[in-house]
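Below: the structure, in structure tokens.
The values are calculated or read from the model by the stated rules, or taken from the named source; none is laboratory data. As the structure is a computational prediction, the values presented were derived from the model and not from experiment. Using ideal geometry, Cβ is built from the backbone for each residue, glycine included, and neighbour counts are taken over all protein chains shown.
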Amino acid sequence: MKLLNEHDRESCRNVWIISEFLPDGELHAVSFELLGAARTLAEELGCEVWAAALGRDVSKAAPQLISRGADKVIAVEDGRLEYFNDEFECNILERLVCKYRPEILLGAATSRGRALIPRLAGKLYCGLTADCTGLSIDKETGVLLQTRPAFGGNIMATIQSGGFRPQMATVRPKVMKALEADPIRTGEIIYEAVTEKDGEKIKEIIKAVTEAQSNVNLSDANIIVSGGRAVKGPEGFRLLEELASRLGGAVGASRAAVDSGWIAYPHQVGQTGQTVQADLYIACGISGQIQHLIGMQSCKTIVAIDKDDSTPMMQMADIAIKGDLFEIIPKIIEELDKNGINKGGNKQ
Amino acid sequence: MKIAVCVKQVPAAGDAKINPETKRIIREGGKAVVNPFDLYAIEEAVRIKERTGGEVIALSMGPEKAKAALTEALSMGVDRAVLLSDRAFGGSDTWATSYALAKAIEKIGGVDLILCGKQAVDGDTAQVGAGIAAKLDIMQAANVWRIEEIGADTVTVKRINERGWDVVRLAYPALLTVVKDINIPRIPKLRDARAARRAEIPVWKPEDIGADPDKIGLKSSPTQVVKTAPPAARGAETLKIDGSSEEAANVFVSELIRRKLV
Ligand SMILES: Cc1cc2nc3c(=O)[nH]c(=O)nc-3n(C[C@H](O)[C@H](O)[C@H](O)COP(=O)(O)OP(=O)(O)OC[C@H]3O[C@@H](n4cnc5c(N)ncnc54)[C@H](O)[C@@H]3O)c2cc1C
């Protein structure tokens, strides 16, 4: 089974996106960003944008996907699709890709997408570029050019896989531009049933838990207040949480703080933690060793608070505040209060 | 229990230096180390073996010098190691790499569990683990944070995601990719490190694993690098704020408002 042989490449058409959902079944914003990127590519190629939507019930999502740029929605509904199951979703997508033969397939570079899409590429024998930050069509060859950071963001590499179909990429959340919802936009919804074979050799999902605490979700946060070794303990992080809550942001940490046991691992930013892409990153007492910088250098505005103004973080920062974080942060909170700024936690 | 653990040698991160013009990291080539996430995979594999008995085999693809990474794995308690090394493997992308590793795992035979790090820190793709699982057509779980139960027929694990976690049960053979927090890798004892240095590490070539020559190496890799460029500069000017805490906080918050960041 190989659809991607040279001889039938020409028969592959259209740009697909794999929709991403939130635990409550609503569409994740990255789905709209993928559609925005897909529309630009489709216009260039003169083809359609299709969105695959896999879930328990996608009746609400399907028209939303159309209003945001999909020409067709492939809707697959099954109770087992409520929670992420790599094998099950891969089996379904592999079958649908072989049936409808897209030229390009885009997924989200989320924990789900980064597990599912490489499995799919592995099965289909086609190229996949992870975590793309730029996508375009080569004017001469019509091939998809995929740009991504490599070596911790020190190099931007442009990659193509034009000899194989579909050309696949995962795209980081918050990088591409979504289109405004257009309620009068029309499109077609194609319902596809799950087959018995799709459900073979799939894992069992025993339990799925969404954290009640809203300040852990670093990947979607627009603002992150992050603390390092200088925060000195869990009490120090409470101060950072207070600032984060005023700003409507999440709390991040350096590895030094996580390894000291002051805050849980899902908060860790950096090479062995998470890569974040916030609009505003406030580093409090984080010196900025390379493993940390790698994880946050793509944030739009970087603020550093440190006693020592010669640290790499203070040098990289757009705003560098010299001083003791335990004195400055309470004053910042007071100042925000004076200006009536209180977003009260990270609303998702 | 027979466990294979995949190990990659990567350049160490080096010291952080910032280019004052572009506000970007100046990269210096560090020495070669075991991919940090793989250390957790090695440790977890050895811990499982210590509980259930069996064998752990470390597997790497790379140049001859990648034997150093396997030696480190051996010093941590891995029973034996295999290096896939040949010019024909050179330039393999994640697809071709996972194909070769999957072939080697088939050749090892009877493997119940395959452990990988969450991703390699040079490429950061996280694609090889899932690629191996795809080629072997076995169950996979990425971002494994805890192994809850090693059963006779299944393994139960906790995976983390952006919003929380889930618990899933996979039938053997299964592939897991692990995150940093799963354990604290041991520091090898001197005696074990010495023994590891003496251990023989066989080198397998494409023909040893029955790899299709049209599926390995640069020319068979679906992805090709077209060009590389330095990343765009981050704004050059740093606004420096000091003075008393009150003043600093006042200037800072006005700046946040002016820049429409709050
Ligand atoms: C393989 C590997 C992977 C790694 N992965 C990561 C990773 O993913 N993420 C990560 O963060 N690190 C990672 N590290 C660790 C990294 O190298 C650094 O050790 C770590 O980031 C340092 O944390 P820090 O900046 O909080 O601490 P420090 O480097 O100790 O910096 C503390 C800073 O606080 C300042 N300070 C002290 N007191 C105050 C005060 N009262 N007010 C204001 N400022 C103050 C100091 O001047 C200093 O600049 C990794 C390391 C290795 C080897």
### Task
Need at least 2 residues that are more than 8 Å from chain A (Cβ to nearest Cβ) per element, so show me which strands (runs of 3 or more DSSP E) inside region B:161-262 make the cut, counting only ones lying wholly within it.
B:174-178
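So that you can scan it fast, the table gives a plain yes or no per residue for (1) within 11 Å of the ligand (Cβ to nearest atom); (2) over 26 Å from A:Arg114 (Cβ atoms); (3) touching a Pro at 6+ places or on another chain (Cβ under 6 Å):
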| residue | (1), (2), (3) |
| --- | --- |
| A:Glu241 | no, yes, no |
| A:Gly249 | no, no, no |
| A:Gln271 | yes, no, no |
| A:Ala278 | no, no, no |
| A:Ser287 | yes, yes, no |
| A:Gly295 | yes, no, no |
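If you scan region A:275-287, which residues turn out to be in contact with a Lys or Arg (Cβ under 9 Å, 6 or more places away or on another chain) and either surrounded by fewer than 24 Cβ atoms within 10 Å (Cβ to Cβ) or not in a strand (DSSP E or B) (or both)? Explain how you work it out, then say what you get.
So the first thing to find is which residues in region A:275-287 are in contact with a Lys or Arg (Cβ under 9 Å, 6 or more places away or on another chain), and the list is A:275, A:277-281, A:285-287.
Within region A:275-287, A:Thr275, A:Gln277, A:Ala278, A:Asp279, A:Leu280, A:Gly285, A:Ile286, A:Ser287 qualify.
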### Query
In region A:130-156, which residues are closer than 15 Å to A:Val175 by Cα and within 8 Å of another protein chain (Cβ to nearest Cβ)?
A:Ala130, A:Asp131, A:Pro149, A:Gly153, A:Met156
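Go through the residues of region B:36-52 one by one and say whether even a single one is more than 24 Å from B:Tyr172 (Cα to Cα) and among the aliphatic types (A, V, I, L, M).
Initially, region B:36-52 is screened for residues more than 24 Å from B:Tyr172 (Cα to Cα), giving B:36.
Then drop every residue that is not among the aliphatic types (A, V, I, L, M), which leaves none.
No - not one qualifying residue is present in region B:36-52.
Restricting attention to region A:166-182, report how many residues are at pLDDT 95 or above and outside any strand (DSSP E or B). It would help to see each step written out before you state the result.
Step one: filter region A:166-182 for residues at pLDDT 95 or above, giving A:166-171, A:176-182.
Narrowing further to those that are outside any strand (DSSP E or B): A:166, A:176-182.
Counting residues in region A:166-182 that are at pLDDT 95 or above and outside any strand (DSSP E or B) gives 8.
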### Task
Can you give me the ranges of the helices (runs of 4 or more DSSP H) entirely in region B:27-121 with at least 3 residues that are over 28 Å from B:Glu207 (Cβ atoms) and more than 14 Å from chain A (Cβ to nearest Cβ)?
B:36-52
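Between A:Val171, A:Val143, which is crowded, with 24+ Cβ neighbours inside 10 Å, in contact (Cβ under 8 Å) with a residue 12 or more places away in the chain and assigned by TED's automatic domain parsing to the domain that holds A:Phe88? Steps first, answer last, please.
Values: A:Val143 fails: crowded, with 24+ Cβ neighbours inside 10 Å.
Unique residue meeting the criteria: A:Val171.
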### Message
If I go through region A:313-329 residue by residue, how many of them are more than 9 Å from the ligand (Cβ to nearest atom) and in contact with a Gly (Cβ under 7 Å, 6 or more places away or on another chain)?
### Response
2
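When only residues in region A:275-290 that are under 20 Å from the mean Cα position of the chain (by Cα) and within 9 Å of chain B (Cβ to nearest Cβ) count, which is modelled with the lowest pLDDT? Lay out the reasoning, then the answer.
Taking region A:275-290 as the starting set, the residues that turn out to be under 20 Å from the mean Cα position of the chain (by Cα) are A:275-281.
Add one more test, that the residue is within 9 Å of chain B (Cβ to nearest Cβ), and what stays is A:275, A:279-280.
Numbers: A:Thr275: 93, A:Asp279: 96, A:Leu280: 98.
Once the filter is applied, the top-ranked residue is A:Thr275.
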### Query
Tell me, which residue of region A:257-274 that is without any contact (Cβ under 8 Å) to a residue 24 or more places away in the chain and assigned to a loop (DSSP other than H, G, I, E, B) is surrounded by the fewest Cβ atoms within 10 Å (Cβ to Cβ)?
A:Gly261
## Note on the structure
Contact list, first residue from region A:239-256 and in the same structural domain as A:Gln277 (by TED's automatic domain parsing) and outside any loop (DSSP other than H, G, I, E, B), second anywhere and surrounded by fewer than 24 Cβ atoms within 10 Å (Cβ to Cβ) and of a type in the set (D, E, K, R), beta-carbon distance below 7 Å, six or more apart or interchain, is A:Arg246/A:Lys343; A:Leu247/A:Lys343; A:Val251/A:Glu241; A:Ala256/A:Arg229
### Message
Take the residues in region B:123-140 that are more than 7 Å from every other protein chain (Cβ to nearest Cβ) and not in a loop (DSSP other than H, G, I, E, B); name whichever of them is surrounded by the most Cβ atoms within 10 Å (Cβ to Cβ).
### Response
B:Gly129
### Query
Restricting attention to region A:226-243, does a residue exist that is under 22 Å from the mean Cα position of the chain (by Cα) and closer than 26 Å to A:Glu20 by Cβ?
yes
#### Entry: B:Leu39, sole failed condition from (1) among the aliphatic types (A, V, I, L, M); (2) within 16 Å of the ligand (Cβ to nearest atom); (3) in contact with a helix residue (DSSP H, G or I) (Cβ under 6 Å, 6 or more places away or on another chain)
(3)
### Message
Looking at region A:292-305, can you tell me whether even one residue there is facing chain B (nearest Cβ under 8 Å), out of contact with any helix residue (DSSP H, G or I) (no Cβ under 8 Å at 6 or more places or on another chain) and not in a strand (DSSP E or B)?
### Response
yes
### Query
A:Ile282: farther than 30 Å from A:Ile66 by Cβ and more than 16 Å from the ligand (Cβ to nearest atom), yes or no?
no
